[in-house]
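All remarks here apply to the structure that follows.
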Amino acid sequence: MDAEKRLRELRALLQDHAHRYYVLDDPLISDGEYDLLFQELLGLEEQHPELITADSPSQRPGGAPLEKFAQVVHRVPMLSLENAFNAADLQGFEDRLLRFLNQENATADQAVPLSYMAEPKIDGLAVELVYEQGRLLQGSTRGDGSRGEDITAQLRTIPSIPRTLQTTAAARLEIRGEVFMDRQALIALNQERLENGEPLFANPRNAAAGSLRQLDPAITARRSLKFLAYGIADPAQSPCSSQQELLVWLEGLGLPVNGLARFCPTMGDVTSRFEQLAAERQAMAYDIDGMVVKVNNFALQHRLGNKARAPRWAIACKFPALQATTRLLSVDFQVGRTGAVTPVALLEPVEVGGVTVSRATLHNRDEFERKDLRVGDTVLIQRAGDVIPEVVKAMVEGRDGSERPLTMPTHCPVCGHALVKEAGEAVTRCVNPHCPAQRLRALIHFCSRAGLDIEGLGRKSMEQLFDLRLVRDIPDIFTLRQEQLAGLPGWGAKSADNVMAAIEAVRHPPLGKFLAAIGIRFVGEITASLLEQRFPTLDDLMQAPMEALLEIDGIGDQAAGSIVDYFSDSEVRAMFERLHQAGVAPESGRLDPREDQPLSGLVFLFTGTLMSLSRTEAKKLVKERGGQIATTVTQKMTHLVAGEKAGSKLKKARELDKIVVTEAEFLQMLRPRP
Ligand code: IVH
């Protein structure tokens with residue numbers, strides 16, 4: 001294709017994508033792909049400068065402002081930045097600076113010292129705040145660089161934006177900075193949107209933009225936005241002579257600045273800082289998509305000046321994207337311990353932030369139907385922190401009609417038994433208790449921390465023993481012999497000894513723990529402990545008629561029915577007989593004297609709104625009953641009490657496989673044991 005034709009195409013493509021990104025907050029391609037197109041345009045224009053048009057995206061930043069807001073003219077245009085991606089690009093940047101300043105061949109005594117400020121590039125939205133005599137007068141978006149939208153009312157709702165500065169001296173200050181949403185807030189917002197059936201925000205930038213572009217500032221106010229200042233329209237508005245001084249001065253005025261900005265005496269220091277930030281970014285509370293490098297000295301910045309779209313004295317060094325687009329090839333259905341069938345997207349492998357991703361969870365049927373995903377779709381996927389990759393959305397515009405809607409299978413992909421989706425439940429289930437997939441999951445659960453906690457028999461070992469047919473059901477665990485394990489790949493005499501000891505230690509488990517571990521449907525830890533309180537032995541429970549179970553406060557038809565069905569199954573009875581022969585004898589009411597309080601050993605966290613008591617009161621009740629309180633979702637936490645409108649904590653707790661209870665179940669747990 002000739003250059004002129006390709007340039008025309010690139011201009012149209014970039015304009016279109018920029019409009020979607022800046023104006024509609026609904027990008028169709030990832031930032032990385034946009035950058036690639038942009039780089040191609042810049043490359044071609046460099047080879048053919050005669051083909052540069054005035055409307056080329058290289059000649060102006062961003063998109064046009066929305067019409068619904070009043071327009072604001074920026075006295076000093078808000079420029080954007082050129083991109084670098086690695087150390088070589090950064091060195092190229094410095095080479096250009098030296099060439100421009102005519103320093104390439106300067107001797108040591110003539111050389112101007114080039115030093116830099118390196119600042120995290122937060123993935124948010126650029127805004128300008130105008131202060132006069134220290135009072136916030138106006139706030140605006142960047143818009144197309146020379147004209148933005150007046151979002152003063154919306155910006156006033158952001159707590160970190162001061163309405164007055166610690167000075168009244170300066171006549172007019174035009175502060176520039178970034179408005180953004182941190183990860184927690186974005187996860188919570190998206191969770192809420194998911195529950196309301198609204199489209200999710202693909203990234204923090206779109207979430208910040210979408211929240212600021214609300215004609216009703218009350219909506220903005222609810223969105224937990226933050227602000228960090230990083231610059232000023234004209235350095236002459238400040239008494240500073242460098243970017244480093246400016247950040248200190250801004251902070252002195254009461255404006256928040258990023259504590260991670262660093263002074264770098266040489267480009268070598270800039271590169272090290274870039275690598276450091278790239279390594280630390282995952283652990284940060286907010287997303288950064290790169291690092292902005294600025295020539296520190298204002299006099300030099302002035303000498304270097306601007307090009308059409310970006311200053312010569314600064315550059316954005318971008319990290320590899322954590323979002324990417326790829327094709328949805330097919331869907332795999334995984335069967336879990338309780339028979340829940342989870343759809344998993346199989347993707348054309350794509351690199352996301354240095355990791356190759358080929359699978360992503362689709363949660364459940366309702367979820368993929370809501371997202372209207374189809375096999376053959378181009379999909380946007382993302383990886384945030386170390387969370388499992390997920391499919392954000394389908395790029396609907398790219399469809400050619402050959403895509404096929406996803407369908408949930410009617411039969412279990414592992415055992416072929418018919419699947420069931422109960423009304424009101426999101427989950428589709430295989431209800432065959434002998435399904436091998438469920439058996440393996442059940443074994444994993446039995447040995448896990450939520451079960452009997454047999455150290456050394458984690459998921460990996462269990463899969464190995466299951467595949468080797470050494471353990472096919474629960475009794476097999478208790479007839480394992482040391483010499484069977486010691487010779488297996490990855491095992492040795494020592495690890496085999498340890499596992500044998502761990503198994504020995506649970507041969508007389510507390511009945512409640514044991515009941516929760518064997519995985520009877522509708523019998524979780526709470527129901528199991530209610531059963532333990534009522535029945536002195538396992539045999540008593542196995543004989544118990546439905547009526548006896550229903551007498552227990554907290555056990556309803558569903559759980560009672562499931563328990564009776566379970567114990568009347570001949571295979572279950574055979575299994576218990578084998579357990580008995582293997583010397584497994586659960587013991588009821590074996591409470592440590594220190595542990596006689598109902599909540600001892602348990603760690604609670606509350607989220608959402610409680611109906612019948614305040615959080616303070618709830619916490620007090622936990623402590624009075626020997627329990628502890630957690631402040632965040634951690635491994636240590638054992639129970640999450642989810643009130644109304646529970647959000648991100650609930651999601652995180654589920655990811656960590658923690659016990660989640662309702663307010664009513666919590667109140668039930670407070671009762672003293674009989
Ligand atoms: S300086 C002329 N500093 O990156 C200088 N920008 O294309 C222009 N950004 O959306 C900006 N952190 O809002 C600068 N520490 C920082 C920044 C930063 C984030 C954003 C900026 C704009 C984009 C630049």
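The values are calculated or read from the model by the stated rules, or taken from the named source; none is laboratory data. Bear in mind that the values here come from a model prediction, so they are computed numbers and not experimental data. Don't worry about glycine lacking a Cβ; one is built from the backbone with ideal geometry, like all the others, and counts go over all protein chains shown. Keep in mind that these areas ignore ligands, DNA and RNA; they rest on the heavy atoms of the full protein, side chains included. Shrake-Rupley method; radii C 1.70, N 1.55, O 1.52, S 1.80 Å.
Worth a mention:
- Kirkwood hydrodynamic radius over Cα pairs of the range 318-456, then Stokes diffusion coefficient at 20 °C and 1.002 mPa s, in µm²/s: 130
- Cross-link partners of LYS460 among lysines, defined as those whose alpha carbon lies under 26 angstrom from its own and excluding same-chain residues fewer than eight positions apart: LYS494, LYS513, LYS636, LYS651, LYS652, LYS658.
- Student exercise, the chain dipole from Lys, Arg, Asp, Glu Cβ charges, in Debye to nearest 20: 980
- The value of relative contact order for the range 552-673, using C-alpha pairs under 8 Å at least six residues apart, is 25 percent.
- Candidates per trypsin sites (Lys or Arg not before Pro) in the range 219-290, loop by DSSP, up to 16 other Cβ within 10 Å: ARG222
- Label positions at GLU463 and GLU367, each projected 7 Å from the Cα along the C-beta direction, are separated by 1.9 nm.
- Length added when fully stretched, ARG222-GLU425, from 0.36 nm per residue minus Cα-Cα: 70.0 nm
- Distance-filtered residues of the range 643-674 - backbone nitrogen under 14 Å, label point 7 angstrom along GLN597 Cα→Cβ: 670-673
- Estimated dipole of the range 408-513 in Debye, rounded to 20 [Cβ of Lys and Arg +1, of Asp and Glu -1, Cα centre]: 120
- Order by protection proxy (mean Cβ within 10 Å, highest first), peptides 72-85, 613-626: 72-85, 613-626
- Estimated Rh, the range 49-153: Kirkwood, alpha-carbon pairs, angstrom: 17.2
- Of ILE477, CYS435, HIS445, farthest towards positive along the dipole that unit charges on Lys, Arg, Asp, Glu beta carbons give the range 429-502: CYS435
- In this calculation the C-beta distance from LEU667 to ASP565 is compared with R0 = 30 Å, giving a FRET efficiency of 0.60.
- Length released on extending from GLU551 to GLN484, taking residue separation times 0.36 nm less the Cα-Cα span: 19.5 nm
- Dimensions (Å) - the chain, Cα atoms, principal axes, largest first: 91, 59, 53
- Computed about the Cα centre, the dipole magnitude for the range 500-587 is approximately 300 debye when only Lys and Arg (+1) and Asp and Glu (-1) carry charge, each at its Cβ.
- Cα convex hull of the range 291-368, projected area averaged across orientations, nm²: 8.9
- The range 626-674 - convex hull of the alpha-carbon atoms, volume per residue in Å³: 82
- Placed amide H near GLY231: partners under 5 Å, 5+ positions off or other chain: ARG176
- Proximity of backbone amide H atoms, modeled 1.01 Å from N, is registered between ASN306 and ARG312 at under 5 Å, excluding neighbours fewer than 5 places apart on the same chain.
- Potential extension, LEU98-LEU613 segment - 0.36 nm per residue separation minus Cα distance: 178.7 nm
- At the listed q of 0.11, 0.16, 0.17, 0.19 Å⁻¹, the Debye profile of the range 449-556, built from one uniform point per Cα, gives log10 I(q)/I(0) equal to -0.44, -0.77, -0.83, -0.95.
- Computed over the Cα atoms of the range 123-238, the ratio of the radius of gyration to the Kirkwood radius (Rg/Rh) comes to 1.01.
- For the pair ALA153 and THR107, a Förster radius of 45 Å applied to the C-beta separation gives a FRET efficiency near 0.20, rounded to the nearest 0.05.
- Within the shell defined by Cβ-Cβ distances under 10 Å, the residues around PRO311 carry a net charge of +3, with Lys and Arg each +1 and Asp and Glu each -1.
- Quarter the surface of the alpha carbon convex hull of the range 261-397 and you get the mean projected area, 11.7 square nanometres.
- Order by protection proxy (mean Cβ within 10 Å, highest first), peptides 397-408, 154-165: 154-165, 397-408
- Whole-percent carbon and sulfur share, accessible surface of the range 380-478, 1.4 Å: 52
- On a per residue basis, the convex hull of the C-alpha atoms belonging to the range 182-286 measures out at 140 Å³.
- Residues whose amide H comes within less than 5 Å of that of LYS393, counting only those at least five positions distant or on another chain, are LEU380 (H built at 1.01 Å from N in the peptide plane).
- Protein accessible area in the range 83-174, 1.4 Å probe - carbon and sulfur %: 45
- Whole-Å semi-axes of the ellipsoid equivalent to the range 430-501 (Cα gyration tensor, √5λ, descending): 21, 13, 10
- In order through the range 68-74: 3J(HN,Hα) via Karplus (6.51 cos²θ - 1.76 cosθ + 1.60), integer Hz, x for Gly, Pro: 6, 9, 5, 8, 10, 8, 7
- Packing-based ranking, highest mean first, of 118-131, 409-422 given that Cβ atoms within 10 Å are counted: 118-131, 409-422
- Of VAL506, ALA87, PRO235, farthest towards positive along the dipole that unit charges on Lys, Arg, Asp, Glu beta carbons give the chain: PRO235
- Helix-only [θ]222 nm of the chain, DSSP H runs n ≥ 4, -39500 (n - 2.57) each, per residue, nearest 500: -10000 deg cm²/dmol
- Cα convex hull, the range 575-674: 140 Å³ per residue, rounded to a whole number.
- Placing a pseudo-label 7 Å from each Cα along the Cα-to-Cβ vector at ALA505 and GLU280 gives an inter-label distance of 3.9 nm.
- Label-to-label distance, GLN133 versus ASP332, with points set 7 angstrom from Cα along the beta-carbon direction: 6.8 nm.
- Using C-alpha pairs under 8 Å with a sequence gap of at least 6, the mean separation divided by the residue count of the chain gives a relative contact order of 9 percent.
- Using the 1.4 Å probe convention, the accessible area of the chain works out to 48 Å² per residue with neighbouring protein chains retained.
- At R0 = 60 Å, FRET efficiency that the Cβ-Cβ distance of GLU644 and GLU50 yields, to 0.05: 0.40
- The range 306-362 versus the range 390-468: alpha-carbon centroid distance in Å: 22
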